[in-house]
Amino acid sequence: MATKTELSPTARESKNAQDMQVDEALIPRKVPSLCSARYGIALVLHFCNFTTIAQNVIMNITMVAMVNSTSLQSQLNDSSEGLPVDSFGGLSKAPKSLPAKAPVYDWSPQIQGIIFGAVGYGGILTMAPSGYLAGRVGTKRVVGISLFATSFLTLCIPLAADFGIVFLIVTRIVQGLSQCSILGGQFAIWEKWGPPHERSRLCSIALSGMLLGCFTAILIGGFISETLGWPFVFYIFGGVGCVCCLLWFVVIYDDPVSYPWISTSEKEYIISSLKQQVRSSKQPLPIKAMLRSLPIWSICLGCFSHQWLVSTMVVYIPTYISSVYHVNIRDNGLLSALPFIVAWVIGMVGGYLADFLLTKKFRLITVRKIATILGSLPSSALIVSLPYLNSSYITATALLTLSCGLSTLCQSGIYINVLDIAPRYSSFLMGASRGFSSIAPVIVPTVSGFLLSQDPEFGWRNVFFLLFAVNLLGLIFYLIFGEADVQDWAKERKLTRL
């Protein structure tokens, strides 16, 4: 989100108010239409994120049906990983009657840990490059090609598993590269499509697709595995991804100027609202200045700590419910999915609320930090309270639902803060911050699994206290060093004209 950049005497005198979100003249006099082209772009991105995350999550859902529970039961006590292979009721509660044609494999918990983590390796490698590349060649190409790749590889996972564990792990790594290219490359589109005062809601609509993807995959993944066989989970979600890919290439354009179905008034409105936006250029990235920037590091560490919270909820909610309350596979699927549909709603409402506060003269940095606090602190505190309030699974589900729902408020806070402080390099920095935060999903299963295996009595309590500590430290660092002013190294240098 850009700040006012006119070099008039009035602007110089009001330098201390530089972070006051946007120029008043750019604030619309009426509520923007949800049927507009820019909201259509956000909706397509919503379904793109839905597909991507669903394809990522389904491996956690199908693993219980893919492994030989009898042979693994004897290995479970020797495992130092403690990974969520019992996501739907534990190894001893695997479905008793799987479809006859669904193959079953003898994978140890350690092998399963490698399979789970393989898809996360790509995030560290491709988030920042994909964001930079999207800023150069366009979001349509980067995200569209990546979406086709991950959908095709999802269709190939059952075949890769038949070929052997090496083929499956390689497929998962390449799939992770594609999925993280989608997550890192999509933000560049808002540089040309997102009016500054609407970016919170546009990004919230787009990112909320991830939550709907988690909800859908967790809810119906186990049912499909039981009725049709686990390979059909990959076939169905891979096919949905291919359809979404076709929609993407037809509907998405990198800027409103080339969009064939946009109204003239909306096109002029978007262009005028971005007229004073610092635009990206072909100049080299100021890497040294970025590495020395405390606001950038506060965003990266804040995103990392929040992703630790999200990863724990996504991976361990099914395990916690099934191991503590011993519910069956179908009930567990419904209970585990419920928090994500609530989060889907709250995430989109949070975006509208953040933009509403901007129109009420709230400082931009104030809005970002309020959203981040509400999305981090209450969520982690509610999870820490779970071991002390385990009287019923209804109470636990209510707390998990509220925690997961509130966590999405960060979408309007720390996750889009880069658009404020460095709009010129936002596509690269968005990918870099997301890439740094993607380290958390790689670490969480191993660290949490180790804590659970070392202390069976207080394992969950230790996992949740660690989550709270990591989340709190990242939040404090962001509150101290987070900013919303355009940084000096990110400002456009105007050439003197004769």
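The values are calculated or read from the model by the stated rules, or taken from the named source; none is laboratory data. Here the structure is a predicted model, which is why all the values come from computation and not from measurement. Every residue, glycine as well, gets a Cβ built from its backbone with ideal geometry; the counts of neighbours run over all protein chains shown. Surface accessibility is based on the protein's heavy atoms, side chains included, excluding ligands, DNA and RNA. Shrake-Rupley method; radii C 1.70, N 1.55, O 1.52, S 1.80 Å.
Assorted remarks:
- Summed residue charge, Cβ within 10 Å of Ala134's Cβ, Lys/Arg positive, Asp/Glu negative: +1
- In sequence order, the stretch 470-480 has phi-based couplings of 4, 5, 5, 5, x, 5, 4, 4, 5, 5, 7 Hz under the Karplus curve 6.51 cos²θ - 1.76 cosθ + 1.60, θ = phi - 60°, and Gly or Pro positions carry x.
- Met210, Met127, ranked by accessible area, largest first (probe 1.4 Å): Met210, Met127
- Around the amide H of Val67, modelled in the peptide plane, lie the amide H atoms of Tyr105, all under 5 Å away and 5 or more residues distant in sequence or on another chain.
- In the full protein context, the stretch 286-497 carries 40 Å² of accessible surface per residue, based on a 1.4 Å probe and ignoring ligands, DNA and RNA.
- Rounded Å value of the spacing that divides the Cα centres of the stretch 356-406 and the stretch 412-444: 20 Å
- Lys267 - accessible surface, heavy atoms, 1.4 Å probe, Å² rounded to 10: 60 Å²
- Here the 3J(HN,Hα) profile of the stretch 432-445, calculated from phi with Karplus coefficients 6.51, -1.76 and 1.60 at θ = phi - 60°, is 5, 5, 5, x, 4, 5, 6, 5, 4, x, 6, 7, 3, x Hz, Gly and Pro shown as x.
- The fraction of accessible area contributed by carbon and sulfur in the stretch 286-497 is 69 percent, rounded to a whole number (1.4 Å probe; ligands and nucleic acids excluded).
- Chymotrypsin sites (Phe, Trp or Tyr not before Pro) lying in DSSP loop within the stretch 391-481, provided at most 13 other Cβ fall within 10 Å: Phe458
- For Leu472, solvent-accessible area (1.4 Å; no DNA, RNA or ligand), Å²: 60 Å²
- For the stretch 323-433, the ratio of Cα radius of gyration to the globular rule of thumb 2.2 N^0.38 Å stands at 1.29.
- Listed residue pairs exceeding 22 Å between alpha carbons, taken from Lys140/Lys192; Lys267/Lys360; Lys361/Lys491; Lys140/Lys369; Lys192/Lys491: Lys267/Lys360; Lys361/Lys491; Lys140/Lys369
- Long-range amide H partners of Gly413 with built H, under 5 Å: none
- Under 13 Å from the Ile124 label point (7 Å along Cα→beta-carbon), backbone N, the stretch 136-167: none
- Inverse of mean 1/r across different Cα pairs in the stretch 286-497, Kirkwood, Å: 18.2 Å
- Were the residues from Ala381 through Phe362 laid out at 0.36 nm apart, the gain over their Cα-Cα distance would be 4.1 nm.
- Pairwise FRET efficiency - Thr264 versus Ile439, Cβ, R0 = 45 Å, nearest 0.05: 0.50
- 3J(HN,Hα) along the stretch 485-490: 6, 5, 5, 4, 6, 9 Hz, from the Karplus curve 6.51 cos²θ - 1.76 cosθ + 1.60 with θ = phi - 60°, whole Hz, x for Gly and Pro.
- Heavy-atom accessible area order for Glu268, Glu198, largest first, 1.4 Å probe: Glu268, Glu198
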